[in-house]
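Quick notes on the structure that follows.
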Amino acid sequence: MNTIRHFVIGFGLVAVIVGAALAQAGYFNGFGLGEFVRAFAGEYSRVSLDFAAFASAPLIIQIHAGSATAALGLGLVQLLAPKGTIPHRTLGYVWVGLMLTAAVTAIFIREINQGNFSFIHIFVPLTLVGIVGIIMNARKRRTARHRNDALGLFFGALIVPGLFAFMPGRLMWQLFFGG
C-alpha cells in the first residue's frame, strides 16, 4: 500500500511542477489544454537529430547535458544490475559523481529566466540532499532506504528535470526537433 501512496504523491508533485513550468512558459495563455496537447504532439511528431545545436551550446550546458545523459544511462544499468557487488558500488560512485556534476553545473545555467534562478533550479538542492542520503544509507547498510533514495534520485532528480529539457527552446528540444 505504501508503494501506491508514494506513486500517487509523486505523480501529483510531478503534475504540479509540470503545470507550474508550463504556466511560467506561457503555454496556457490564449488557449485551452486540448489545443496545447494537440500542438505539443504535433511538434514531437517531427524528430530529427541536430548535433550542431549541442556543439554550439555553451560549454557549461554541454557538460551539464553530457553528465545528465551519462547518469541516465548508468542509472538504468545500476537499476537493472545485481546489487551489493563491487561493480555496483564502483559504478554507484561514478553515478553519484555524474549527478553531482549535473547538479553543480545547473547552478550556472540561468538562460531561461533572464539570468535568475528558475523553477527548475529546485532540483539542485533536492539532488544534493539525495546524494548525501544515498551515500549515508549505503554506508550504514540500510538497503531499503538506499534503494528508495536511489530510485527517488533517479526519477525525481534525473527523469523529471530531464523532461523539462525537452521544452521548446531548450537544448534537447533543439537537438531532437531543430529549434
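The values are calculated or read from the model by the stated rules, or taken from the named source; none is laboratory data. Note that the structure is predicted; figures quoted are calculated from it, not measured. Note: ideal-geometry Cβ built from the backbone for every residue, glycine included; neighbour counts use all protein chains shown.
With Leu79, Leu22, Leu13 as the choices, which residue is at pLDDT 85 or above and either part of a helix (DSSP H, G or I) or out of contact with any helix residue (DSSP H, G or I) (no Cβ under 7 Å at 6 or more places or on another chain) (or both)?
Being at pLDDT 85 or above and either part of a helix (DSSP H, G or I) or out of contact with any helix residue (DSSP H, G or I) (no Cβ under 7 Å at 6 or more places or on another chain) (or both) holds for just one of Leu79, Leu22, Leu13, which is Leu79.
Which condition number in (1) surrounded by fewer than 18 Cβ atoms within 10 Å (Cβ to Cβ); (2) closer than 27 Å to Leu175 by Cα; (3) under 16 Å from the mean Cα position of the chain (by Cα) is the one that Val129 fails?
Of the numbered conditions (1) surrounded by fewer than 18 Cβ atoms within 10 Å (Cβ to Cβ); (2) closer than 27 Å to Leu175 by Cα; (3) under 16 Å from the mean Cα position of the chain (by Cα), the odd one out for Val129 is (2).
Of all residues in the stretch 128-173, how many are closer than 17 Å to Leu100 by Cβ and not in a helix (DSSP H, G or I)?
0
If a residue must be touching a residue at least 40 places away in the same chain (Cβ under 8 Å) and surrounded by 14 or more Cβ atoms within 10 Å (Cβ to Cβ), how many such residues does the stretch 84-95 contain?
1
Let me confirm something: among Gly169, Gly156, which residue is surrounded by 18 or more Cβ atoms within 10 Å (Cβ to Cβ) and small (Gly, Ala, Ser)?
From the options Gly169, Gly156, the qualifying one is Gly156.
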